[in-house]
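Just so you know, all these numbers are worked out from the coordinates, no wet-lab data involved. Every value quoted in this text rests on a predicted model; they were computed, and no experiment measured them. Note: ideal-geometry Cβ built from the backbone for every residue, glycine included; neighbour counts use all protein chains shown.
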Amino acid sequence: MTRWAVGAAAGLLLVPVLIAAATGAVVPRPVPGVGTGAVGLAAAARQAGFGGEGLRVAVAVGLAESGGDPGALGRNPPTPGCPGGSTDRGGWQLNDCYHAEIPDACAYELGCAATATYRISAAGTDWAPWTTYTSGAYLGELAAADQAIATLATPGGCALSPAADAARQLVTERFGLTDIGGCDPDFHGHIHGSDHYPDATGHAYAIDVMVAGDRALGWQVARWAAANAAVLHVKYVVFAGQVVDFRAPAPAWRPCRNPTSSCATAHFDHVHVSFFATTAHR
Ligand SMILES: [Zn+2]
């Protein structure tokens, strides 16, 4: 983007785009934990507050400006308001002359850049400062933007599936337990592919019923979940080194297969219950 002084010749609007395409160096700046590409733009934009049509345009403009590279850098020649030239920075190519109030550390970080973009675009209603918008270049990115937005988790990000949430409420009603873990939005602390991590729809399919050191209570919960597996849509239950898997032909409690696995070692203070993704499964 480059915000030209009011009254600048319309023909000049395209110059920064062409210059950026010809000479713009791309400086890779990996940002831990932030995705790149269309999905990274979409996630950052939604987090910043964009929604609906504004979100589509935000992602499409970002793609047209930077391809979704948070480290993208494009240099501009001297312009009416910036005699020393200027630099377009990051995923939304925030200009360092017209938006000197935005530090590099923000412009090259997708989350911060998205928040700045939200402000400059008046919450997604005014994209005139972006040359890829005024030129129409962003239109060619709308399909990719839609695809990226569709892969995002649902707003709110992380929620229990209906079956898991129903079981959580029943555990509280029946056993008076309220310390129950569910969806983990940080993708951290569970095994790879854990049912605690949200899928593309934003749902997680597991609960951890914390019972502290009360082994007897844990077994009550575990046996109740297993006994009601069909109605609760339980996939498997793990507690105190044992597991019952309802994907098996004849489900029964048995010791965890691998004695060093999380199944065998990490489930003494809580009962883990995983649920089938679809309530129509059983
Ligand atoms: Zn668990």
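Taking 2.2 N^0.38 Å as the expected size of a compact globular protein, what ratio does the Cα radius of gyration of segment 34-138 give against it, to two decimals?
Details: Rg = 12.4 Å, N = 105, 2.2 N^0.38 = 12.9 Å.
After normalising by residue count via 2.2 N^0.38 Å, the value is 0.96.
To the nearest 0.05, what FRET efficiency results for His192 and Arg257 with a Förster distance of 25 Å applied to their C-beta separation? If you can, show how the numbers build up before the last one.
Values: r = 17 Å, r/R0 = 0.67.
It comes to 0.90.
Using every pair of alpha-carbon atoms in segment 157-282, split the distances into 10 Å bins beginning at 0 and state the percent of pairs per bin, rounded to integers.
It works out to 14, 48, 35, 3, in whole percents.
Would you kindly state how much longer the chain becomes between Asp245 and Gln47 on full extension, computed as 0.36 nm times their sequence separation minus their alpha carbon distance, in nm to one decimal? Each step should come with its number before you reach the end.
On the way: separation 198, 0.36 × 198 = 71.28 nm, distance 3.74 nm.
This chain segment gains 67.5 nm when fully extended.
Report the gain in length on full extension from Leu170 to Asp214: 0.36 nm times residue separation, minus Cα-Cα distance, nm rounded to one decimal. Mind dumping the intermediate values first?
Details: separation 44, 0.36 × 44 = 15.84 nm, distance 1.90 nm.
Between Leu170 and Asp214, full extension yields 13.9 nm more.
Rounded, prolate or oblate: which fits segment 125-228, taking a ≥ b ≥ c as square roots of the Cα gyration tensor eigenvalues, rounded meaning a/c under 1.5, else prolate when a/b beats b/c? Present the calculation step by step, with values, prior to reporting the outcome.
On the way: a/c = 3.79, a/b = 3.65, b/c = 1.04.
Verdict is prolate for segment 125-228.
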